[in-house]
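The values are calculated or read from the model by the stated rules, or taken from the named source; none is laboratory data. Note that the structure is a prediction, hence the values are computed from the model and not measured. Ideal geometry is used to build each Cβ from the backbone, glycine not excepted, and the neighbour counts take in all protein chains shown. Accessible surface is based on the protein model in full, side chains and every heavy atom, while ligands, DNA and RNA are left aside. Shrake-Rupley method; radii C 1.70, N 1.55, O 1.52, S 1.80 Å.
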Amino acid sequence: MFLALKEMKHEKVRYGMVIAMITLITYLIFIMTSLALGLAHENTAAIESWKAKSILLNDNANTTLRQSLLTKSQVKPYSKDKDKAQIGETTVIVTADGADKKSATFVGIKQDQFIAQDMTISKGRLFKRNYEVVVDDSLAEDGYEVGDSIKLNGSDKTFTIVGFTKGAKLNISPVVYGQLTDWQTLKGTKDFAASAIVSKDADLKIDKDGVKSYTIDAMIQKLPGYSAQNETFIFMIAFLMVISLVIISVFLYIITIQKINNYAVLRAQGVPAGRLMSATLAQSFLLTVAGLVIGIVLTVATAIAIPNSVPMTFQLDLLSLVSVGMIVMALLGSLIPIRITAKIDPTSIIGG
């Protein structure tokens, strides 16, 4: 470790460039990871807030909430269970005077069931009657306020915002919560009672034909674009990790080649090859840790400065895992320089 620090102190510019490269890669990986988490959360925030474990959908809906419709007879066996709640979901366009037009997801629920009862209202109150809605906090940034009259899908019916709730996002669009009967009106049908039934029970018993039970996770994986988006980010992050390995290997290789004569002299003076190898390994570790620390500082600064409209979520456990992965990649990247160091023959290099 002493030899590694001594070399780094002597060659500040050279090792500073390596640290700068690792910092940029680390910063990019952290930002990409946080964006991936943020987008994933924006897809599922509303579902996660329900704290449900299973969901009942039409068996022809292909595990997709938006394509599911349940009849009154299919819903009836579950209507009295306090651990189950009916929901109706449809896409809407929200318009109001003095505010931006927004695409949103209308979720119809029953006021006496657990989704409504457990909802955290950040401003205003829960809806009490038809044509009253509670909307996601993000709509406040677009000029919507408690008491505003809004229209959904250009309908003649006017809805009133009576409250805001935090983190109500579904498929990256803000959620508008209202009465289940309002969902039937917007959907243009009275023949169907709901889109789905969500349950706090992991095993949802099926009492009617034409329906099928799924875990919430299985349903989430079927959200439009959710799996493809996550897989894309995972591959991008993995490629960046591999790139970091290559860059560290190349830099350490070049630096080691340039120091072969110096190492040969040290070997001729009796310095063990193991000590030189450990110095190379220590350099790799120290350079990566330094780059990680600076990258973390830049990520924190970005998190503070970035606007709320950019979906970024920071999870300490996942970012820690990424950091450990970077260190492992750096240590792997030092294997080639270590091999070169181990094969240094002082007699052949200094003409002994």
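Here Ile150 fulfils each of the conditions (1) open to solvent by 70 Å² or more (accessible area, probe 1.4 Å); (2) free of Cβ contacts under 8 Å to residues at least 60 places away in the same chain apart from (1). Within the range 196-241, restricting attention to residues that are open to solvent by 60 Å² or more (accessible area, probe 1.4 Å) and among the β-branched types (Val, Ile, Thr), the residue that is nearest to the chain's Cα centre (by Cα) is Ile234.
Output the residue which, of all residues in the range 191-203 that are within 16 Å of Trp50 (Cα to Cα) and assigned to a loop (DSSP other than H, G, I, E, B), is modelled with the lowest pLDDT. The extreme case among them is Ala202.
Taking the criterion of being polar (S, T, N, Q), outside any helix (DSSP H, G or I) and open to solvent by 20 Å² or more (accessible area, probe 1.4 Å), would at least one residue in the range 31-54 satisfy it? Within the range 31-54, none of the residues are polar (S, T, N, Q), outside any helix (DSSP H, G or I) and open to solvent by 20 Å² or more (accessible area, probe 1.4 Å).
Taking the range 149-166, which residues are within 15 Å of Thr105 (Cα to Cα), part of a strand (DSSP E or B) and polar (S, T, N, Q)? Of everything in the range 149-166, just one residue is within 15 Å of Thr105 (Cα to Cα), part of a strand (DSSP E or B) and polar (S, T, N, Q), namely Thr165.
Looking only at the range 45-56, decide whether some residue is among the polar types (S, T, N, Q) and at pLDDT below 90. No, the range 45-56 contains no residue that is among the polar types (S, T, N, Q) and at pLDDT below 90.
Selection of the range 246-265 for residues being buried (at least 19 other Cβ atoms within 10 Å of the Cβ) and of a type outside the set (Gly, Ala, Ser) yields Ile248, Phe251, Leu252, Thr256, Lys259, Tyr263. Of all residues in the range 119-138 being touching a Lys or Arg at 6+ places or on another chain (Cβ under 7 Å) and outside any helix (DSSP H, G or I), which is surrounded by the fewest Cβ atoms within 10 Å (Cβ to Cβ)? Ranking the candidates gives Thr120 first. Taking every residue in the range 204-231 that is in a helix (DSSP H, G or I) and pairing it with any residue that is among the basic types (Lys, Arg) and buried (at least 16 other Cβ atoms within 10 Å of the Cβ), at least 6 positions away or on another chain, the pairs with Cβ-Cβ distances below 8 Å are Ile216/Lys53. Inspect all residues belonging to the range 87-101 and state whether any of them is modelled with pLDDT of 90 or more, loosely packed, with under 15 Cβ neighbours inside 10 Å and farther than 26 Å from Asp191 by Cα. No, every residue in the range 87-101 fails to be modelled with pLDDT of 90 or more, loosely packed, with under 15 Cβ neighbours inside 10 Å and farther than 26 Å from Asp191 by Cα.
Scanning the range 248-298 for residues that are touching a Pro at 6+ places or on another chain (Cβ under 7 Å) and under 21 Å from Leu335 (Cβ atoms) yields a count of 6. Each residue in the range 48-81 was checked for being among the aromatic types (Phe, Trp, Tyr) and touching a Lys or Arg at 6+ places or on another chain (Cβ under 7 Å), and 1 pass. If you go through the range 90-123 and keep only what is of a type in the set (S, T, N, Q) and more than 21 Å from Lys80 (Cβ to Cβ), you end up with Thr90, Thr91, Thr95, Ser103, Thr105, Thr120, Ser122.
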